[in-house]
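Working notes for the structure below.
Taken together, the values in this text are just the output of simple stated rules run on the coordinates, not laboratory data. Quick caveat: nothing in here was measured; it's all calculated off a predicted structure. With ideal geometry, Cβ positions are generated from the backbone for all residues, glycine too; neighbour counts draw on all protein chains shown.
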Amino acid sequence: MKKVLASALAGLTLITGSVLAGDGQSIFQSKGCAACHQAQVDTVGPSLKNIAKAYNGKKEDLIKFLKGEVKPKVWPDKFPMMQPQLNTTKALSKKDLEALADYILSNK
């Protein structure tokens with residue numbers, strides 16, 4: 001019985017993570033992030049793949065950056081271009097910031 005419960009909880013965690021990443025993708029699109037960031041290719045801004053690599057296992061660090069609390073780990077010399085956009089991410093709820101971070105980090 002314990003194995004069944006543990007498996008169910010693990011499955012629920014995976015589903016929840018996928019839902020959050022899906023919500024994060026919607027936020028990413030609706031807030032205009034795709035204008036500068038693509039999934040696999042660096043363009044005006046770094047790719048989501050490179051951001052995910054830099055913040056691998058450090059979701060809270062990424063959220064702190066999106067809230068404007070710390071400097072970026074990726075392309076710090078181009079930060080002045082991103083800085084005005086932080087007004088958009090700073091206004092997001094905690095839940096939306098977590099979903100956005102989950103989506104970004106899912107692009108490995």
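Cross-link partners among lysines for residue 49, C-alpha distance below 18 Å, same-chain residues fewer than 8 apart left out?
58, 59, 73, 78, 108
How do 86, 48 line up, fewest other C-beta atoms within 10 Å first?
Numbers: 86 16, 48 22.
Ordered from fewest to most neighbouring Cβ atoms within 10 Å, 86, 48 come out as 86, 48.
When the chain is fully extended, how far beyond the present Cα-Cα distance does residue 29 get from residue 69, taking 0.36 nm per residue of separation?
Details: separation 40, 0.36 × 40 = 14.40 nm, distance 2.29 nm.
12.1 nm is the gain from fully extending residue 29 to residue 69.
Need the list of aspartates and glutamates near residue 95 for cross-linking: C-alpha distance under 20 angstrom, and skip anything on the same chain fewer than eight residues off.
23, 60, 61, 69
Round to the nearest 0.05 the FRET efficiency obtained for residue 41 and residue 88 when R0 = 25 Å and r is the Cβ-Cβ distance. Before the final figure, lay out the partial values.
Values: r = 22 Å, r/R0 = 0.89.
After rounding, the FRET efficiency stands at 0.65.
Would you tally the net charge around residue 85, using a Cβ to Cβ cut-off of less than 13 Å, leaving residue 85 out, and scoring K and R as +1, D and E as -1?
Working: positive: 31, 67, 78, 90; negative: none.
The answer is +4.
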